[in-house]
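The values are calculated or read from the model by the stated rules, or taken from the named source; none is laboratory data. Since this is a predicted model, take the numbers as computed values, not measurements. Please note: Cβ atoms are built from the backbone with ideal geometry, for glycine as well, and neighbour counts cover all protein chains shown.
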Amino acid sequence: MAYLVFKNEEGLTRSDQTLIRAAKTDEDVQIIHGGKSDTVNTVEITDAEYDAYLKSDVTLTITADSYSFENNPLPAESDVNETELLTKESFEADLQEYKQALTSVFHKRSTHSQIGKVTSAIDFLTNLDTSSISYPTENIDNKCRRADKYVNLHCI
Amino acid sequence: MPRIIKPASGTFTTADITVDSSGRIIAASTGTAGGGNMVRTFNKAEDGTTTFTAQPGSSKIHVYLKGAGGGGGGGQGGQFGMAGGHGAFGFFNIPVSQPYSVPFTLGAGGAGGGPPNSTGQAGAASSFNTNLVANGGNGGGGTGGSNGTPGTLQNETYAFIDGNTFDDSQKKLFTFEGMAMQDDDVYSNTVFQNNVYRIGPTYLNPGDLRMRVGGTGGVGGNAPNNDYIIPGTGSNPARHGKPGYDGSLVIYEDIG
């Protein structure tokens, strides 16, 4: 059983702005609240929903205290809207920023249940040869998803 | 009857003395020290759970605690996403009995919302001992949404940020000594317009970016500046919101 973990403040309802992150295990929830469990409240989701959200195969919508997941299909590379394409400089900047975020998670949450996927994503980004890509190109999220290496930071 | 006065020999610290009507010291002994000056003994601005142990001579601690900032929302169509809310920030005056060792947790900053237009995550709460809490800020909405609401406090002595409106929390944003650290290359070298000049909705001078403040809400995602837009394509890709900063803690003790 996985969880959506929300802030727990008096008078606060669950919404997309009060969601802290998704967690796969009870130990992952513990990482979020650090032992003070009354600072969060949780909603159970299925492991399959968590796994799909981690890979960004679905998007999460939270309205009026309820949630839903909707499919988020990856478009073919040739179908990506040209207004969303990136130059080499922009792409490399995004790549470094995403890699830095994953590396920070790796160092700070080494006991997280999904840390192996984080390591795998960092390796993919480290070894990605940006000089071999034709520009303009799609964003780094899509590149990672195509290689099954994407890790949604909202789940770690 | 003449009074015999014995010499009071020896060394006394923080002495208690008795003086007679002629101004002579007729008794002396070592006394008890008064409260010392407050000295900063601890600071941390990275998420995680660990233990704080007071200095052996400490009888009182002053705790400045901040929850984590919410992540900024994703941008869309060349427009900024909205800023994440700041973590709650309060001061706590705590008398301590030795030995004093308590757990504390600093919350993790919320991740930014993805493009296009997704909401950033909320920041997690920071807590000290069992009852002192600084909740994190809400995530910022996507373009056209709302800034994240700042977090609230529990059991504070004085509140700097306690569920204020986002604008109000900007005015009271307090860069206390030890609450800030040198910015890193990721943020100072970012190639995208405005990021380096902006915390929340306020545009700052480049030099201001030398500091980053624990618990600050993340900046909304934006679009690349004109130098990075592909000519003739109408390219205007949206960007991720920036993450909020982790919660932070500064402690002073009366050992000075």
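Considering region B:36-89, the qualifying strands (runs of 3 or more DSSP E), each wholly inside and each with 1 or more residues that are more than 18 Å from the chain's Cα centre (by Cα) and either in the same structural domain as B:PHE166 (by TED's automatic domain parsing) or hydroxyl-bearing (Ser, Thr, Tyr) (or both), run over B:48-53, B:60-66. Taking the numbered list (1) outside any loop (DSSP other than H, G, I, E, B); (2) within 11 Å of chain A (Cβ to nearest Cβ) in turn, B:ILE94 passes all entries but (2).
Among the aliphatic types (A, V, I, L, M) and more than 18 Å from the chain's Cα centre (by Cα): is that true of A:ILE156 in this structure?
Details: among the aliphatic types (A, V, I, L, M): yes; more than 18 Å from the chain's Cα centre (by Cα): no.
So A:ILE156 does not fit the description; no.
Of all residues in region A:40-70, those being in contact with a strand residue (DSSP E or B) (Cβ under 6 Å, 6 or more places away or on another chain) and polar (S, T, N, Q) number 5. If you take the residues in region B:115-155 that are within 8 Å of chain A (Cβ to nearest Cβ) and among the hydrophobic types (A, V, I, L, M, F, W, C), which one is farthest from B:THR51 (Cα to Cα)? Among them, the one singled out is B:ALA122.
With A:ALA76, A:ALA101, A:ALA22 as the choices, which residue is of a type in the set (Gly, Ala, Ser) and in contact with a Cys (Cβ under 6 Å, 6 or more places away or on another chain)? If you could, list the steps in order and put the result at the bottom.
Working: A:ALA76 fails: in contact with a Cys (Cβ under 6 Å, 6 or more places away or on another chain); A:ALA101 fails: in contact with a Cys (Cβ under 6 Å, 6 or more places away or on another chain).
Only one candidate passes the filter, namely A:ALA22.
Condition check for B:VAL102 on (1) touching a Lys or Arg at 6+ places or on another chain (Cβ under 6 Å); (2) part of a strand (DSSP E or B): one failure, at (1). Scanning region A:21-31 for residues that are within 13 Å of chain B (Cβ to nearest Cβ) and either within 13 Å of A:ALA2 (Cβ to Cβ) or polar (S, T, N, Q) (or both) turns up A:ARG21, A:ALA22, A:ALA23, A:GLU27, A:ASP28, A:VAL29, A:GLN30. Looking across region A:32-48, the residues that are acidic (Asp, Glu) and more than 10 Å from chain B (Cβ to nearest Cβ) come down to A:GLU44, A:ASP47. Taken over region A:75-99, the criterion of being farther than 13 Å from A:ASP141 by Cα and either surrounded by fewer than 16 Cβ atoms within 10 Å (Cβ to Cβ) or assigned by TED's automatic domain parsing to the domain that holds A:ASP51 (or both) is satisfied by A:ALA76, A:SER78, A:ASP79, A:ASN81, A:GLU82, A:THR83, A:LYS88, A:GLU89. For region B:46-68, a tally of residues being closer than 25 Å to B:GLN121 by Cα and away from every other protein chain (no Cβ under 12 Å) returns 3.
For region A:32-45, a residue qualifies if it is over 16 Å from A:LYS7 (Cβ atoms), part of a strand (DSSP E or B) and not aliphatic (A, V, I, L, M), and exactly one does: A:GLU44.
Scanning region A:126-141 for residues that are crowded, with 20+ Cβ neighbours inside 10 Å and out of contact with any Pro (no Cβ under 9 Å at 6 or more places or on another chain) yields one hit, A:ILE140.
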